[in-house]
Amino acid sequence: MNEIIAIGKRELQNYFTTPVAYVFIVIFLVLTGVFAFHIGGFYERGQADLLPFFQFHPWLYLFLIPAISMRLWAEERKSGSIELLMTLPVSTTQAVLAKFLAAWLFTGIALFFTFPIWITVNYLGNPDNMVIFAAYLGSFLLAGAYLAVGACISGVSRNQVIAFILAVVVCFGFILAGFPAVLDFFQGWAPQALINTISSLSFLTHFNSIMKGVIDFRDLIFFASFMGCWLFANVVIVEMKKAD
């Protein structure tokens, strides 16, 4: 645990020693404000909730999260610092977890800075704050799912641009998995069990449920197991690359 904390602390500090962290946070805050207040019609709706704020998070994360995750391993391999990291008395699993948790915490910090919007909606009305809390939890879990995918893909290529593009494509696929157009493609020739499985893999299916204030244990299990699977794959890939 101490090794994970040490590496994670180093990774988190690296974010804030470069302009990347500040640029990301500013862009995230600006875009969430634009989507919530202008495109989402926050004031025009006349309802005391943050639905216009959260409903765009899956699409914002689709591009912003891969921008964070693309450097996790691709930069290490390109600079050669991965050899130094692997010589430390830490396992590959510990290194993968530390990098992931640091990136996830950084994303959580950016999400935390949106609290003025929560204060605003309480000033203007009487929202159900438990629903808003659940939506924040869902958004944080969603970001973790995107990061797990991006971290795994970052371990495949030393080119950050390629890692970014692949992460966007894969995450986009998990968003579309629950869309009727995708499910209709399988309807008629695929067994219903397969269709239900594909639908259950959609980020939107689980995020929308939590966003409405329904914290279902199955949704929590989905995000936890999804992140676990991709992080396990990340460990396998790093081990394979280390052997090359």
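The values are calculated or read from the model by the stated rules, or taken from the named source; none is laboratory data. These figures come from a predicted structure and were not determined experimentally. Backbone-built Cβ (ideal geometry, glycine too); neighbour counts: all protein chains shown.
Please specify each residue of the range 125-135 satisfying the condition of being in contact (Cβ under 8 Å) with a residue 60 or more places away in the chain and surrounded by 13 or more Cβ atoms within 10 Å (Cβ to Cβ). Spell out how you get there, then give the answer.
Here is the first cut: in the range 125-135, the residues in contact (Cβ under 8 Å) with a residue 60 or more places away in the chain are 125-128, 130-132, 134-135.
Once the filter is applied, which keeps residues that are in contact (Cβ under 8 Å) with a residue 60 or more places away in the chain and surrounded by 13 or more Cβ atoms within 10 Å (Cβ to Cβ), the range 125-135 yields Pro127, Val131, Ile132, Ala134, Ala135.
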query = Which of (1) out of contact with any helix residue (DSSP H, G or I) (no Cβ under 7 Å at 6 or more places or on another chain); (2) modelled with pLDDT of 80 or more; (3) surrounded by 15 or more Cβ atoms within 10 Å (Cβ to Cβ) does Pro19 not meet, given it meets every other one?
reply = (3)
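A quick yes/no check of all residues on (1) at pLDDT below 80; (2) within 21 Å of Leu231 (Cβ to Cβ); (3) exposed (fewer than 14 other Cβ atoms within 10 Å of the Cβ); (4) of a type in the set (S, T, N, Q):
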{"site": "Ala36", "(1), (2), (3), (4)": "yes, no, no, no"}
{"site": "Arg45", "(1), (2), (3), (4)": "yes, no, yes, no"}
{"site": "Leu60", "(1), (2), (3), (4)": "no, no, no, no"}
{"site": "Pro66", "(1), (2), (3), (4)": "no, yes, no, no"}
{"site": "Ala74", "(1), (2), (3), (4)": "yes, yes, no, no"}
{"site": "Gly80", "(1), (2), (3), (4)": "yes, no, yes, no"}
{"site": "Leu88", "(1), (2), (3), (4)": "yes, yes, yes, no"}
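Hey, which of the helices (runs of 4 or more DSSP H) in the range 83-164, taking only ones fully inside, have at least 1 residues that are touching a Ser or Thr at 6+ places or on another chain (Cβ under 6 Å), farther than 18 Å from Trp59 by Cα and of a type in the set (Ser, Thr, Tyr)? If you could, list the steps in order and put the result at the bottom.
Values: elements: 92-112, 115-124, 129-154.
So the answer is 129-154.
Does Ile198 satisfy the criteria of being modelled with pLDDT of 85 or more and surrounded by 12 or more Cβ atoms within 10 Å (Cβ to Cβ)?
On the way: modelled with pLDDT of 85 or more: no; surrounded by 12 or more Cβ atoms within 10 Å (Cβ to Cβ): yes.
Against the criterion (modelled with pLDDT of 85 or more and surrounded by 12 or more Cβ atoms within 10 Å (Cβ to Cβ)), Ile198 does not qualify.
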ask   = Looking at the range 201-223, which of its residues are part of a helix (DSSP H, G or I), surrounded by fewer than 17 Cβ atoms within 10 Å (Cβ to Cβ) and in contact (Cβ under 8 Å) with a residue 60 or more places away in the chain?
value = Leu220
request  = Check Val26 against each of (1) more than 28 Å from Leu97 (Cβ to Cβ); (2) at pLDDT below 80 and name the one condition it does not meet.
outcome  = (2)
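I'd like the residue in the range 49-58 that is under 19 Å from Thr205 (Cβ atoms) and touching a residue at least 60 places away in the same chain (Cβ under 8 Å) and, out of all such residues, is surrounded by the fewest Cβ atoms within 10 Å (Cβ to Cβ). If you could, list the steps in order and put the result at the bottom.
Let us first name the residues in the range 49-58 that are under 19 Å from Thr205 (Cβ atoms), namely 51, 54-58.
Going one step further and asking which of them are touching a residue at least 60 places away in the same chain (Cβ under 8 Å), we end up with 51, 54-55, 57-58.
Details: Leu51: 16, Phe54: 28, Gln55: 18, His57: 24, Pro58: 23.
So, considering only residues that are under 19 Å from Thr205 (Cβ atoms) and touching a residue at least 60 places away in the same chain (Cβ under 8 Å), the one surrounded by the fewest Cβ atoms within 10 Å (Cβ to Cβ) is Leu51.
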